[in-house]
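Bear in mind these aren't lab numbers, they're just calculated from the coordinates by the rules spelled out. Only a predicted model underlies this, so the values are computations on that prediction, with no experimental measurement involved. So basically every Cβ, Gly included, is an ideal-geometry build from the backbone, and we count neighbours across all protein chains shown.
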């Protein structure tokens, strides 16, 4: 006798069900059904029909929704692959890849209000047909129908990236366009809408519940076959997919930083493989893993031979520069004032919020730490307190005496956005706008700040990566000044140089093409700057790959990060497991987390993916029934 395996959007394995004889032949894999789970009824997806006899009394499917599967066979394959690869059950995967609105489909007649308009695209400097056509023609010549192939488009600017994706979309149906940020999706939507009309819809968390349901219904009905969105859009229920485009493919926003820790860029490639479709990854500075896949022949590289103007990059050596304020050299202030006096605007970037980094006692060397996390407290001048950046613990008012030695000799070390804003206004005499997470309380506040950037009275803005990630373009800004570049490079991560290059080039791409980027550093001899000044990313990658190979880091190896909270004798148990694991697996740790002292991590490293997963599964099984110790498995971590 056959039974139906159903997966629900919750942290449980698929369950087996029976059904009434009169509807038995109507149920197909991929269909949405309602079935009892414990003491309630839940909606789930039928994954397969099996002839395994359950060991206990089997329950019955209560209701079938619709007459056709919502999940195609290829999507069911993708769900199974994700569960195996990211080492999470299918229920957890389903919960994180589909919005809850997917399970609340209704024939709503309410109309969606689209707030986007074509005027928002005025910044988009479309390339001439003679520029873009040779790239497009070359791309189509290499295509083979009904065959999977991944391409990597390495472009000079986001304008080429967007223009290329729009142009090739003319030759495909059933298209998914993935963006790392909602702001990019909202910019591209009206551009595609103008070109393709009602075939286009959006699919991301910024939409209202009604808008999401309407988009899903349009996709299922076939009215929309071009979907633009963020992570969730990779799982849209198109029956057949011919093209998946992943814009800014290097972006860390594609990686989900919670269970099941999937990377939607890699998932998009796997969906393309199952769908036998074309996958187009694109970026100004592609991830080293993707470029290495081109070298190994897995992807095909497209690098347009187009000459365009780009901002000049100038390195400011702060070892020998006069600092008029902590962290700000006289040279960059004079450069900023010159631009402002010419009627232009200037952007300052410092990747640290708050007033100062830490409060340091010059007598005993003590640094005040959070009583919860054990991390140094940062100074927040606005609330006149020391504040924890992780758990929001605050110590108010600011101490006047060292809590260890009662000394008066306290000093504020480091600079954050608050202090930079104060110092810039003092040094230039101009009012400065600040954009960081302390200022931005929500999406509406951020949108209001971004809209006010174009106001004539705004001449200086200062912000963190929050600002640079959310801003699409700053064409009216002719200068960007990166104040603490060394903080990017000195971050304890083997990808630090790669991420720094990507961040710096991204900032350069947001200002006027005839502008200038000034980078303050005490390490001007770093190999990154040699390549950055020439925008020679390929040469940088070649040098970076040599360094990675020596240390056996990705792409020459694979990583799995295991995080856990220790209980009684947990470290001893871990040591016993390590002794009995595959000797080909390099295990680093256990080491304390940088966020909370009671969290520990293990880093598994190997060039053998199968052995790596087998080893991680040993740890997973060892603590599976241990309720006191929570274990998190992060496959291909971006942050260690």
Task: Degrees between helix 264-275 axis and first principal axis of the chain (Cα, 0 to 90, nearest 10) - done: 30 degrees
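Under the definition of Cα pairs under 8 Å and six or more residues apart, what whole-number percent is the relative contact order of region 1-85? Before the final figure, lay out each step's value.
On the way: 150 pairs, mean separation 29.5, N = 85.
It rounds to 35 percent for region 1-85.
If you take every DSSP beta bridge fully contained in the chain, what fraction is antiparallel? Give it as a percent rounded to 5. Walk me through the numbers on the way to the answer.
Details: 49 of 100 bridges.
Of all bridge pairs located within the chain, approximately 50 percent are antiparallel.
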Task: Rounded if a/c under 1.5, otherwise prolate or oblate - region 118-302, Cα gyration tensor axes - done: rounded
Open item on the list: Suppose the Debye formula is applied to equal point scatterers at every Cα of the chain; what is log10 I(q)/I(0) at q = 0.10, 0.12 Å⁻¹?
Closed with: -1.07, -1.47
Open item on the list: Using a 7 Å offset from the Cα along the Cα-to-Cβ direction at both residue 625 and residue 25, what is the distance between the two label points in nm, to one decimal?
Closed with: 4.5 nm
- [ ] Give the distance, in whole Å, between the Cα centre of region 241-264 and the Cα centre of region 147-217.
- [x] 14 Å
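Subtract the Cα-Cα distance of residue 208 and residue 334 from 0.36 nm times their separation in residues, and report this length gain in nm to one decimal. Walk me through the intermediate numbers first.
Numbers: separation 126, 0.36 × 126 = 45.36 nm, distance 4.67 nm.
Gain in length upon complete extension: 40.7 nm.
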- [ ] Along each of the three principal axes of the Cα atoms of region 558-635, give the extent in whole Å, ordering the values from largest to smallest.
- [x] 31, 26, 18
Task: Degrees separating the helix 609-622 axis from the principal Cα axis of the chain, which is the longest one - done: 80 degrees
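Let me have the relative contact order for the chain, percent, based on Cα pairs under 8 Å that are six or more residues apart. Each step should come with its number before you reach the end.
Values: 1181 pairs, mean separation 73.0, N = 640.
The value is 11 percent.
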Open item on the list: What does the C-alpha gyration tensor say about the overall shape of region 3-104? Classify as rounded when a/c is under 1.5, otherwise prolate if a/b is larger than b/c, or oblate.
Closed with: rounded
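Find how much the distance from residue 51 to residue 217 grows on full extension, using 0.36 nm per residue of separation minus their present alpha carbon separation; answer in nm with one decimal. Mind dumping the intermediate values first?
Values: separation 166, 0.36 × 166 = 59.76 nm, distance 3.31 nm.
This chain segment gains 56.4 nm when fully extended.
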- [ ] Could you tell me how many degrees, from 0 to 90 and to the nearest 10, lie between the Cα long axis of helix 209-221 and the main elongation axis, the longest principal axis, of the Cα atoms of the chain?
- [x] 50 degrees
